[in-house]
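Data block below; observations after.
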Amino acid sequence: MTIRKKAPMLMLLAAYLYLLVKIILFKFGPVDLRLLGEQLMHIPERAESIRGRFAATANLTPFQSIRQNLHHLQSSHQFINFTGNIALFIPLGWFARQETRLNALGAAVMSAAASLLLESSQALFMMGTFDVDDIILNGFGGLLGYAVLAAAASLGRKRPAGKSTLAGPEGSAG
């Protein structure tokens, strides 16, 4: 497929990635690339502070904050945190299904890898807290996005017996 035909999808992907960075790194503030550049330049001199903050605030225990969120879903903050971490990565799963040869597991891994990059950036730039559970929920969001698009694609066509709707875009395990 030519670049011209892919341009709309690439523009949507770029806009989505911009929003992802804005929401995860900058929260509700403006995107300030100059600030990121300045912080990047000062990482060596702040290394000990970054390490200390990471040790004090990072959640490295899988399912710890997920359990806390599930027990307190009536709190609007916990509900938004839990569902938002899933919902934010659904579009990446759609993209993986539509534009790559990845299968469902590949979409989940791609989403988790993107999340790991963003979670690490939060810790490195001291703009948030690293949480392994965010990576788990984001990976699940990518898997969910892939599965929803796969299910929608299979609704309009008949599948031979034994073919999984979660296989790759052309029915391959890919």
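Checked against (1) surrounded by 11 or more Cβ atoms within 10 Å (Cβ to Cβ); (2) at pLDDT below 95, G37 passes all but a single condition, namely (1). You will find that of F125, F89, F130, the residue that is in contact with a helix residue (DSSP H, G or I) (Cβ under 6 Å, 6 or more places away or on another chain), at pLDDT below 95, within 30 Å of L33 (Cβ to Cβ) and open to solvent by less than 30 Å² (accessible area, probe 1.4 Å) is F125 and no other.
The residues in segment 74-92 that are of a type in the set (G, A, S) and more than 17 Å from the chain's Cα centre (by Cα) can be counted, and the count is 2.
Just give me the residues in segment 74-86 being of a type outside the set (G, A, S) and either in a loop (DSSP other than H, G, I, E, B) or open to solvent by 80 Å² or more (accessible area, probe 1.4 Å) (or both), in sequence order.
Q74, H77, F79, I80
Residues that are modelled with pLDDT of 95 or more, open to solvent by 20 Å² or more (accessible area, probe 1.4 Å) and of a type in the set (G, A, S) do not occur anywhere in segment 153-174.
In segment 72-112, what residues are farther than 11 Å from N138 by Cα, without any contact (Cβ under 8 Å) to a residue 60 or more places away in the chain and aromatic (F, W, Y)? Residues satisfying the conditions are F79, W94.
The residues of segment 115-138 that are within 21 Å of P91 (Cα to Cα) and of a type in the set (V, I, T), listed by number, are V132, I135, I136. Contact map, segment 7-24: residues that are closer than 16 Å to A87 by Cα paired with residues that are assigned to a helix (DSSP H, G or I) and hydroxyl-bearing (S, T, Y), Cβ distance under 9 Å, separation 6+ or inter-chain. Pairs shown: V21/S121; I24/S115; I24/S121.
Scanning segment 94-120 for residues that are closer than 27 Å to N59 by Cα, open to solvent by 20 Å² or more (accessible area, probe 1.4 Å) and over 13 Å from the mean Cα position of the chain (by Cα) gives a single hit, L105.
Filtering segment 98-109 to residues that are under 16 Å from L10 (Cβ atoms) and assigned to a helix (DSSP H, G or I) leaves Q98, E99. Residue check: is G139 among the small types (G, A, S), open to solvent by less than 40 Å² (accessible area, probe 1.4 Å) and modelled with pLDDT under 95? Criteria not met by G139.
Any residue at all in segment 46-58 that's open to solvent by 90 Å² or more (accessible area, probe 1.4 Å) and in contact (Cβ under 8 Å) with a residue 24 or more places away in the chain?
From segment 46-58, those open to solvent by 90 Å² or more (accessible area, probe 1.4 Å) are 48, 51; that's our starting set.
Then keep just the ones that are in contact (Cβ under 8 Å) with a residue 24 or more places away in the chain; that gives none.
No, the conditions are met nowhere in segment 46-58.
The values are calculated or read from the model by the stated rules, or taken from the named source; none is laboratory data. Being a predicted model, the structure only gives us computed values, none of them experimental. Cβ atoms come from the backbone with ideal geometry, glycine included; neighbour counts cover every protein chain shown. Surface accessibility is based on the protein's heavy atoms, side chains included, excluding ligands, DNA and RNA. Shrake-Rupley method; radii C 1.70, N 1.55, O 1.52, S 1.80 Å.
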